[in-house]
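The structure appears below as structure tokens.
Values quoted throughout were computed directly from the atomic coordinates according to the rules given, and no laboratory measurement underlies them. Everything quoted here is computed from the prediction, not taken from an experiment. Neighbour counts are summed over all protein chains in view; Cβ atoms, including those assigned to glycine, are modelled from backbone coordinates with ideal geometry.
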């Protein structure tokens, strides 16, 4: 009887190990199965977070920034693409070599943000959310 008890415990341990392994494999597959563009979106989100955490100096620096650091701000609000002046823009007017900062509504769903990002043909895009000042300005332009 004693030998039978040990086999049951071995079977349970083996079953638990297999279950843990299968959950681990599923988790690894699901993290990497987002499609070809998902890594671009992840990198854009990481760089947007890094940009928002960057602290500006309290005194103006003597060094000049390179001209290549200039970015174009595009606002995506209620299904429309707007310039930084809150005027509608055509997606065809965006140069593929431009560095784009795509500012989206904070209430926009993740799938909506991914769709907004996917509509832009350029690869150098940083995605960030609009702050309260931008949201008030957008609401005022709608009135």
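What spacing in nm lies between the two simple spin-label points modelled at residue 73 and residue 98, each 7 Å away from Cα in the Cβ direction?
If labels sit at residue 73 and residue 98, their model points lie 1.4 nm apart.
Using a 7 Å offset from the Cα along the Cα-to-Cβ direction at both residue 28 and residue 84, what is the distance between the two label points in nm, to one decimal?
In this crude label model, residue 28 to residue 84 measures out at 4.5 nm.
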